[in-house]
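**Student:** My questions will all concern the structure given below.
The values are calculated or read from the model by the stated rules, or taken from the named source; none is laboratory data. Quantities reported herein were computed from a predicted structural model and do not represent experimental measurements. All Cβ positions, even for glycine, are placed from backbone atoms using ideal geometry, and neighbour counts span all protein chains on display.
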Amino acid sequence: MATQKTLLVVDDEEHVRGLFVACLEGQGYAVLQAANGAQALQAAKDHPGIDVVVCDLMMPGLNGIQVREQMKEIGKQLPFLYISGSNEATLKDMLAQQKQDQVTFLQKPVRMDVLRDTVVSLLTGMPVIATTGLRTGQRFTYATLQEPVRNKYSEQEVDGVEKVLRDCGKEFYDRFPHLRDEEDFDHADTDVTRTGAEFASEAMRTIVTFSKLPLKRLVLEVHRAQLGKHEAIIKQYIAEHGAKAVVDALGDAYRFVQDVVCPLTRNMDGVWAERLSNGINPAKFEMAMDDAVMYVGKTPQ
């Protein structure tokens, strides 16, 4: 199994902290939380495996910058995602005074899809098209892909993926026109959740069908399975195709979703973007790939 990443969320506003925690736990992370800087420092001491800190910048007592500096003093060199409702000019001055000009920052109110993508960026080192580093994000285009990614996928392939996602989004909003201009929805609305999941699954099926991914049926079955529920599928395909083919196919699917599909979802609108982010999860392929490697390691050769 893939090693579960651990995040620390620090915010003095309980409802904001709870929203961030729920969002990130929904992505499979282990999430610790702290209501102030002192609690954050204690959490860092108690939990040596923290991978990223999501921290409110302006808090009573220790502010976010002070939390980061004091963590450094105790040997905790952790990636920080600063979040604040303060205006950008104030933040630039504040960060410059502290000689922290290379930062990752999101301004409140924060869209949950942007929060998820920015955390992934900090964990993987991959760029995120969002409001980070105190620079306004840009629209995703083929040209914004890093050169190694452009070398793997053609412009026609990327354009084809975007068309599928937009066509499914149009169908989604034809079904729920009242959500067209909304950023969020009532999560108790099971019809929206179910339909969004169905449309995201259909989008993924179409994308995989015209893509160059190997073992397409394996990729689709892993995508449809619940997160972490891949054992039976993997055993069957390893028996039929061999371990290397299965691991390679899952790795290709993970990189394809991470490199192409996820950046494109940031171009989608409102609720549909959220449904896509929830419905097409690269972590499924990463975990399934790790499961396959572990299964082969336990199997007598």
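**Student:** Would you kindly identify the strands (runs of 3 or more DSSP E) lying entirely within the stretch 1-79 that contain at least 3 residues that are at pLDDT 90 or above, among the β-branched types (Val, Ile, Thr) and closer than 30 Å to Ala292 by Cα?
**Tutor:** Qualifying strands (runs of 3 or more DSSP E): none found.
**Student:** Before we move on, is Phe210 out of contact with any Ser or Thr (no Cβ under 8 Å at 6 or more places or on another chain), assigned by TED's automatic domain parsing to the domain that holds Arg175, surrounded by fewer than 22 Cβ atoms within 10 Å (Cβ to Cβ) and among the aromatic types (Phe, Trp, Tyr)?
**Tutor:** Details: out of contact with any Ser or Thr (no Cβ under 8 Å at 6 or more places or on another chain): yes; assigned by TED's automatic domain parsing to the domain that holds Arg175: yes; surrounded by fewer than 22 Cβ atoms within 10 Å (Cβ to Cβ): yes; among the aromatic types (Phe, Trp, Tyr): yes.
Yes, satisfied.
**Student:** Follow-up. What do you reckon, is Val257 buried (at least 23 other Cβ atoms within 10 Å of the Cβ) and more than 25 Å from Glu155 (Cα to Cα)?
**Tutor:** Working: buried (at least 23 other Cβ atoms within 10 Å of the Cβ): yes; more than 25 Å from Glu155 (Cα to Cα): no.
So Val257 fails the test.
**Student:** Sticking with this structure for a sec: Can you name every residue in the stretch 266-280 that is over 24 Å from Leu215 (Cα atoms) and assigned to a helix (DSSP H, G or I)? Talk me through it step by step, then tell me what you get.
**Tutor:** Going residue by residue through the stretch 266-280, those that are over 24 Å from Leu215 (Cα atoms) are 266-275.
If the condition is that a residue be over 24 Å from Leu215 (Cα atoms) and assigned to a helix (DSSP H, G or I), then Gly270, Val271, Trp272, Ala273, Glu274, Arg275 are the ones that fit.
**Student:** Only one of (1) surrounded by 14 or more Cβ atoms within 10 Å (Cβ to Cβ); (2) under 20 Å from Met289 (Cβ atoms) fails for Gly196. Which number is that?
**Tutor:** (2)
**Student:** Taking the stretch 186-203 as the region of interest, how many residues are modelled with pLDDT of 85 or more and among the charged types (D, E, K, R)?
**Tutor:** So the answer is 4.
**Student:** Tally time: how many residues in the stretch 225-240 are touching a helix residue (DSSP H, G or I) at 6+ places or on another chain (Cβ under 8 Å) and of a type outside the set (Ser, Thr, Tyr)? Break it down stepwise before answering.
**Tutor:** Step one: of the stretch 225-240, the residues touching a helix residue (DSSP H, G or I) at 6+ places or on another chain (Cβ under 8 Å) are 225, 227-228, 230-231, 233-235, 237-238.
Remaining after also requiring of a type outside the set (Ser, Thr, Tyr): 225, 227-228, 230-231, 233-235, 238.
Counting residues in the stretch 225-240 that are touching a helix residue (DSSP H, G or I) at 6+ places or on another chain (Cβ under 8 Å) and of a type outside the set (Ser, Thr, Tyr) gives 9.
**Student:** Continuing with the same structure: Among the residues of the stretch 156-215, write down those that are more than 20 Å from the chain's Cα centre (by Cα) and among the aromatic types (Phe, Trp, Tyr).
**Tutor:** Residues satisfying the conditions are Phe172, Tyr173, Phe176, Phe210.
**Student:** A further question follows. Quick check on this structure: which one of Val31, Val10 is of a type in the set (A, V, I, L, M), surrounded by 14 or more Cβ atoms within 10 Å (Cβ to Cβ) and in contact with a Cys (Cβ under 8 Å, 6 or more places away or on another chain)? Talk me through it step by step, then tell me what you get.
**Tutor:** Working: Val31 fails: in contact with a Cys (Cβ under 8 Å, 6 or more places away or on another chain).
After applying the criteria, what remains is Val10.
**Student:** Working carefully through the options Ala292, Ala249, find the one that is modelled with pLDDT of 85 or more and either more than 22 Å from Leu122 (Cβ to Cβ) or in contact with a Ser or Thr (Cβ under 6 Å, 6 or more places away or on another chain) (or both). Talk me through it step by step, then tell me what you get.
**Tutor:** Details: Ala292 fails: modelled with pLDDT of 85 or more.
Selected residue: Ala249, the only one of Ala292, Ala249 that is modelled with pLDDT of 85 or more and either more than 22 Å from Leu122 (Cβ to Cβ) or in contact with a Ser or Thr (Cβ under 6 Å, 6 or more places away or on another chain) (or both).
**Student:** Here is a follow-up. Can you tell me how many residues in the stretch 17-40 are in contact with a helix residue (DSSP H, G or I) (Cβ under 6 Å, 6 or more places away or on another chain) and either not assigned by TED's automatic domain parsing to the domain that holds Val67 or not polar (S, T, N, Q) (or both)?
**Tutor:** 7
**Student:** Go through the stretch 59-80 and give me each residue that's among the small types (Gly, Ala, Ser) and out of contact with any Ser or Thr (no Cβ under 8 Å at 6 or more places or on another chain). Before you say what the answer is, go through the steps one by one.
**Tutor:** Of the stretch 59-80, the ones among the small types (Gly, Ala, Ser) are 61, 64, 75.
Matches in the stretch 59-80: Gly61, Gly75.
**Student:** Being more than 20 Å from Val164 (Cα to Cα) and part of a loop (DSSP other than H, G, I, E, B) narrows it down to one residue among Gln226, Gln236; which is it?
**Tutor:** Numbers: Gln236 fails: part of a loop (DSSP other than H, G, I, E, B).
The unique qualifying residue is Gln226.
**Student:** Give the residue that is modelled with the highest pLDDT, with candidates limited to residues of the stretch 209-223 that are part of a helix (DSSP H, G or I) and over 14 Å from Ala288 (Cβ atoms). Don't jump to the end; show me each part of the working.
**Tutor:** Just the residues of the stretch 209-223 that are part of a helix (DSSP H, G or I), to begin with: 209-210, 216-223.
Okay, now just the ones that are also over 14 Å from Ala288 (Cβ atoms), so 209-210, 216.
Numbers: Thr209: 91, Phe210: 89, Lys216: 94.
If we take residues in the stretch 209-223 being part of a helix (DSSP H, G or I) and over 14 Å from Ala288 (Cβ atoms), then Lys216 is modelled with the highest pLDDT.
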